[in-house]
Amino acid sequence: MIKTINLNKTVKWAVTSLLVISLQGFLIADDNDKVGSVAFKFLNIQTDARTAALGGTAAQASGAGAMFSNPAGLAGSSMGLSAGMSQWLVETNITSFGLALPMFGGVIGLGVVSVDYGDMMRSGWGEESGQFIFQPNQNGAFTAADMSIQFSYGKSLTDKFSIGGSAKIISQSIDDVDISGKAFDIGMQFNTGYRGIQMGAVISNFGPDVESQAPDEAGYAGFPSMSLPMTFSFGVIGELIPGLNAGLNVLKQADMAQQYIVNAEYNVSIASLRFSYNINDDQAPMSMGGGVNVAGADIGVSMTSHDALDSVMRISVGYSF
């Protein structure tokens with residue numbers, strides 16, 4: 001009787017949390033007025049190879065890398081490290097680093113994401129015969145960079161249900177213009193205990209609007225405040241046959257239409273093969289990758305196709321002590 005009561009409480013906790021987080025996500029599902037107007041868009045880029053190959057890991061995130069997709073996945077993790085590198089579009093480099101430490105009744109995570117856009121040529125105007133002439137790439141170069149530093153915490157409330165959250169300090173700089181702000185994530189995961197079916201939901205990158213900090217002499221004073229790229233993710237996976245898990249991810253970013261992503265992961269011995277297809281994305285619909293896990297070390301690679309630009313390559317390395 002006691003076990004039945006505890007199980008019912010677990011299910012109620014999980015269902016209630018899923019409903020609350022999903023409701024918040026659906027509130028932004030039809031809001032596309034922010035296209036091109038959100039700040040810190042880099043927060044929407046997946047930095048982990050496994051997460052990218054599966055099109056999201058809200059349901060099955062685990063280990064130190066979970067803090068970058070669903071902090072609830074930190075719960076139950078041992079001490080571990082996670083590092084990733086991505087060759088993003090147009091020669092942009094993204095690096096990430098995470099550390100997970102079991103303490104305070106759960107697992108804390110410390111993470112950093114850094115984006116380097118490299119040197120960019122500055123254009124300007126000149127005068128010739130009394131007329132203004134556009135001068136592309138004639139005024140030297142400037143740099144741009146983004147960074148996020150975060151603290152995360154995940155805790156198991158039962159053996160099947162976990163919750164987690166993250167607080168981030170974020171910054172963005174373009175030439176001599178800088179802005180900064182704060183962002184938060186909250187997520188949960190629920191293991192049904194039946195045929196490997198797991199569910200997860202997370203709302204990420206929510207927080208107060210960001211005010212421009214541009215200097216008056218730059219000519220940007222008076223810019224309106226900008227919203228954060230709030231994102232809702234929901235995932236469900238299950239075991240089709242031994243070793244093969246498949247599922248569905250629902251992704252809604254504040255400035256984009258809702259997306260549906262199917263995925264599969266096949267595990268055999270120490271190796272894994274991963275695949276996902278985004279039904280709603282015509283430009284970069286398919287991702288694939290693989291990984292090996294040996295003696296606590298986990299190495300993964302992934303490739304996301306792109307119709308108009310080069311494919312995006314990612315590599316991740318993790319280690320559990």
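Here are some notes:
- In terms of other Cβ atoms within 10 Å, Ile170, Ile149, Ile241 run from fewest to most in the order Ile241, Ile149, Ile170.
- Computed from backbone phi, the HN-Hα couplings of region 70-87 come to 8, x, 4, x, 5, 4, x, 6, 7, 4, x, 10, 9, 9, x, 9, 10, 8 Hz, rounded to whole numbers (Karplus: 6.51 cos²θ - 1.76 cosθ + 1.60, θ = phi - 60°; Gly and Pro given as x).
- Sum of side-chain charges, Thr57 neighbourhood, beta-carbon under 15 Å (Lys, Arg +1; Asp, Glu -1): -1
- Thr158 versus Met120: modelled label distance in nm, points set 7 Å from Cα along the beta carbon direction: 5.0 nm
- Pairwise Cα inverse-distance average, inverted: Kirkwood Rh of region 175-321 (Å): 18.4 Å
- Per-residue Karplus couplings for region 159-164, computed as 6.51 cos²θ - 1.76 cosθ + 1.60 with θ equal to phi - 60°, are listed in order as 6, 10, 10, 9, 10, x Hz, Gly and Pro entered as x.
- Per-residue Cβ neighbour rank within 10 angstrom, fewest leading, Val177, Val115: Val177, Val115
- Inter-probe distance in nm under a simple model that places probes 7 Å from Cα toward Cβ, at Tyr266 and Asn280: 2.9 nm
- Sorted ascending by nearby beta carbons within 10 Å, beginning with the fewest, Phe40, Phe68, Phe142 become Phe142, Phe40, Phe68.
- Given their separation in residues at 0.36 nm each and the Cα-Cα distance between them, Tyr319 and Val90 gain 79.4 nm when the chain is fully extended.
- Available extension along the chain between Phe97 and Ala167 is 23.6 nm, counting 0.36 nm per residue and deducting the alpha carbon span.
- Computed over region 271-321, the P(r) curve from all C-alpha pair distances, binned at 5 Å from the origin, holds 5, 20, 24, 18, 14, 10, 6, 3, 0 percent per bin.
- Region 45-86, relative contact order [Cα under 8 Å, separation at least 6], %: 38 percent
- Multiplying the residue separation of Ile174 and Ser78 by 0.36 nm and subtracting their alpha-carbon distance yields 30.7 nm.
Every number here is computed from the coordinates shown, using simple stated rules; none is lab data. This one's a predicted model, so the numbers in the text were calculated from it and none came from an experiment. Backbone-built Cβ (ideal geometry, glycine too); neighbour counts: all protein chains shown.
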